[in-house]
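Have a look at the structure below, then the notes.
What follows is calculated from the coordinates using simple rules that are stated; it is not laboratory data. Nothing here was measured: the structure is a model prediction, and the numbers come from that model. As a convention, Cβ positions derive from the backbone with ideal geometry for all residues, glycine included, and neighbour counts pool all protein chains shown.
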Amino acid sequence: MKLGTVGRLVAGGWLALLVAGCATEMHVRPEVGPIPAGAVSISANVVFDGNRDYLPRNLQQNTSNPAGITVYYRYEAAYGTKDLGAAALYDPFTIFGLPTGKDIPTIYAELRIQRGPQILKACQSACQVVQRSNLWTNLTQTELRRDGLLAVRDNIESQLAQGQEFLASLVLQH
Amino acid sequence: MGGREGACKNNIADVGVAVPGGRGIRIRSCYQRAAFAKVETIPADKGLIYVYRPQAFQGGAVSYDVRVNDAVVTHLSNGGYYPYFAAPGEAQVSAKTEATSSVTLDVKAGQTYYYVKGGVRVGFLIGRPHLMVMPNDVGATEIADCKVIVADKPESK
């Protein structure tokens, strides 16, 4: 009975370790609140040459906008990695979920709202995703990058939505 | 075989193998290929991705196909590199043994270099590929010791 309890404790410990090892951490800056209800969107000439899935959804393309507003959006993704190498190869506990390495993609996004050369508003967002790889998980860096890009997109959407008065001043639409 | 010998006649390695009975076999292999040479001209509508794998003891026997947007572009072995011209846009570079590793690049047309480094991480039955995007200065240094992989189209796995 006593051995069974110890066995359960050990199994629980390994399970906790495994779950902890699988966890993906995501740190997004700056911290912003949720998008308020009835938030407006910006109708402007949007200059962006990336994947449109990652474009903030409160931007609407309108090349003939009378206010002469141009929105520039860009993002960059950098990959970081940490490999345990031979240490993981000879560590018998890797089978129980101890990490074999760590992937740390970092995403940066920047949005500028301009009227001609004048910058009316600019906001940035950065996200770091930390994924500890082990034998039981297989999240690729492509997936981590996508999660990071969606996180900075959401963050910039929120930043835009916080300044409703400013947005309303720019010929906007609900 | 003749075509392969012709393609790498200056880089053929002869390997002698002794067998019982006193006779030996000589294996001609052209897997040792030309040293790194920078690609000088990139088509105006393409970006250049170098896929490389520095010589390493750990996982050295493991090799794998490298795909770009699901099309096999090369078979990456220890100490090899392969230059690939990619169309602008997102390029997903991936490799698979018992698990998949992939990175996605935003390829821009013109004189842009991307260095994707292949490695091997621990696996259950076989080493798992691990692809990393390296900074240009690091990639340019590490790839210098790699040998080019001939452009024979590998069989898709």
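Details
- Residues located in the stretch B:114-135, provided they are surrounded by fewer than 16 Cβ atoms within 10 Å (Cβ to Cβ) and farther than 29 Å from A:Pro92 by Cβ: B:Pro135
- Considering only residues in the stretch A:105-145 that are within 11 Å of chain B (Cβ to nearest Cβ) and β-branched (Val, Ile, Thr), the one that is farthest from the chain's Cα centre (by Cα) turns out to be A:Thr137.
- Matching residues in the stretch B:83-99 - criterion: being within 28 Å of A:Asp49 (Cβ to Cβ) and out of contact with any His (no Cβ under 9 Å at 6 or more places or on another chain): B:Pro83, B:Tyr84, B:Phe85, B:Ala86, B:Ala87, B:Pro88, B:Gly89, B:Glu90, B:Ala91, B:Gln92, B:Val93, B:Ser94
- The strands (runs of 3 or more DSSP E) falling completely within the stretch A:92-161 that include 1 or more residues that are among the β-branched types (Val, Ile, Thr) and surrounded by fewer than 22 Cβ atoms within 10 Å (Cβ to Cβ) map to A:106-115, A:118-133.
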